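What follows is a single structure, written as structure tokens, with notes after it.
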Amino acid sequence: MKIAKAIAQAGRLGWALVAATVAITAGEFTVGPDAAWASAPVGWVQLAHFSPNTPAVDVYLYSFGSPTAQLVLHHVAYGTVSPFEQLAAGDYTVAMRLAGAPASSKPVLSTAVDVAAGHAYTVAGMGPEAGIRLQVILDELTTPPGKALVRVIQASLQQDSVTVSAGASRLATDLKFASVTGYRAVAPGTWTVRAAGSSETATARVVLAAGSIHTLVILDKPGKLAIDDLLEAAGSKVAAIGGAQTGLGGTAPRPGVSLRPWAAAAAAGAVGVVGGVALLSRRRRPAMHAR
């Protein structure tokens, strides 16, 4: 068996360094959470900016009815997706302000998120600047046995619609800008993904492991189309970091990728091994401050 090690590192905000070892047995994935994980009264939220012509924003997350932000993400630019934030189940508000705007100023956008225990959500700024909206997207956490799950988010404004295929399988046909497909179960393997618009085509090589969950985001890059593969989750045994009741910490990084934690709660060193789904961090991370 090949053992992959992942180290979760504390960030640069004076937080204590916390190390946890993540042991993943290659090819042996659990497709559902165990009883301990399923009964935990927590959910997960990640935040994303998928509006190509909208400037960078500051994103605030509040417990419903609280005037004090639990989390602030600064200068979130187009194409940025945060790590997952573990939250106690309950109602929350996500608000967007233009980058650098006072925290007391009126948000450009806001939306409510009802976080249910055992569920994960993406809250994304979607659409063109003139019609941008915050969309709450439910994320899957389990897969059929021996399969991977894939979905597509069309975030290219330069291409009004795209057709996306993985090998010989069609994942989306003429998918309109600011649209999200449902998940599709596919056989594991290394896939060549192709996104074709009216004037641009992009390709990417994506490894789909059994039990893994992916979101393929179609993005505008300078002068070209691009595909960003976001590994949402992987069935495994993971080292859980931080306490669930604080709403801070608790995510596990992708092996080999450092994760700036979302809160100082990780410094408590509450590390336990549980079976279930590991929610994974992102390539592009905004500056983050826990309150």
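Kindly evaluate Val123 against the criterion of being at pLDDT 95 or above, buried (at least 18 other Cβ atoms within 10 Å of the Cβ) and more than 19 Å from Val180 (Cα to Cα). Against the criterion (at pLDDT 95 or above, buried (at least 18 other Cβ atoms within 10 Å of the Cβ) and more than 19 Å from Val180 (Cα to Cα)), Val123 does not qualify.
Just so you know, in the stretch 159-188 the residues that are outside any loop (DSSP other than H, G, I, E, B) and among the small types (Gly, Ala, Ser) include one that is modelled with the lowest pLDDT, and it is Ser169. Inspect the stretch 62-69 for any residue being modelled with pLDDT under 95, under 18 Å from the mean Cα position of the chain (by Cα) and not in a strand (DSSP E or B) and give the result as yes or no. No, the stretch 62-69 contains no residue that is modelled with pLDDT under 95, under 18 Å from the mean Cα position of the chain (by Cα) and not in a strand (DSSP E or B).
Out of Ala56, Ala40, Ala36, I need the residue that is at pLDDT 95 or above, aliphatic (A, V, I, L, M) and at negative phi. Which one? Even if it seems obvious, please write down each step before you answer.
Numbers: Ala40 fails: at pLDDT 95 or above; Ala36 fails: at pLDDT 95 or above.
None of the others qualify; the one that does is Ala56.
Which of the following residues is out of contact with any helix residue (DSSP H, G or I) (no Cβ under 8 Å at 6 or more places or on another chain), at pLDDT 50 or above and either surrounded by fewer than 18 Cβ atoms within 10 Å (Cβ to Cβ) or under 18 Å from Pro83 (Cβ atoms) (or both): Leu225, Leu231, Leu216? Don't jump to the end; show me each part of the working.
Numbers: Leu225 fails: either surrounded by fewer than 18 Cβ atoms within 10 Å (Cβ to Cβ) or under 18 Å from Pro83 (Cβ atoms) (or both); Leu216 fails: either surrounded by fewer than 18 Cβ atoms within 10 Å (Cβ to Cβ) or under 18 Å from Pro83 (Cβ atoms) (or both).
Residue meeting the stated conditions: Leu231.
Inspect the stretch 112-120 for any residue being assigned to a strand (DSSP E or B), more than 21 Å from the chain's Cα centre (by Cα) and buried (at least 22 other Cβ atoms within 10 Å of the Cβ) and give the result as yes or no.
We begin by selecting, within the stretch 112-120, every residue assigned to a strand (DSSP E or B); these are 112-115, 120.
Checking the rest, the ones that are also more than 21 Å from the chain's Cα centre (by Cα) come to none.
Among the residues of the stretch 112-120, not one is assigned to a strand (DSSP E or B), more than 21 Å from the chain's Cα centre (by Cα) and buried (at least 22 other Cβ atoms within 10 Å of the Cβ), which makes the answer no.
Does Leu157 satisfy the condition of being surrounded by 13 or more Cβ atoms within 10 Å (Cβ to Cβ), over 19 Å from Ser51 (Cα atoms) and touching a Pro at 6+ places or on another chain (Cβ under 9 Å)? Give the derivation first.
On the way: surrounded by 13 or more Cβ atoms within 10 Å (Cβ to Cβ): yes; over 19 Å from Ser51 (Cα atoms): no; touching a Pro at 6+ places or on another chain (Cβ under 9 Å): yes.
No: the conditions fail for Leu157.
Residues of the stretch 207-217 include at least one that is in a strand (DSSP E or B), touching a strand residue (DSSP E or B) at 6+ places or on another chain (Cβ under 6 Å), more than 18 Å from Thr122 (Cβ to Cβ) and of a type outside the set (Gly, Ala, Ser). I'd like to know if the stretch 89-101 contains one or more residues that are surrounded by 14 or more Cβ atoms within 10 Å (Cβ to Cβ), modelled with pLDDT under 95 and in a loop (DSSP other than H, G, I, E, B). No, every residue in the stretch 89-101 fails to be surrounded by 14 or more Cβ atoms within 10 Å (Cβ to Cβ), modelled with pLDDT under 95 and in a loop (DSSP other than H, G, I, E, B).
The values are calculated or read from the model by the stated rules, or taken from the named source; none is laboratory data. The structure presented is a predicted model; accordingly, all values stated were derived computationally and were not measured. Note: ideal-geometry Cβ built from the backbone for every residue, glycine included; neighbour counts use all protein chains shown.
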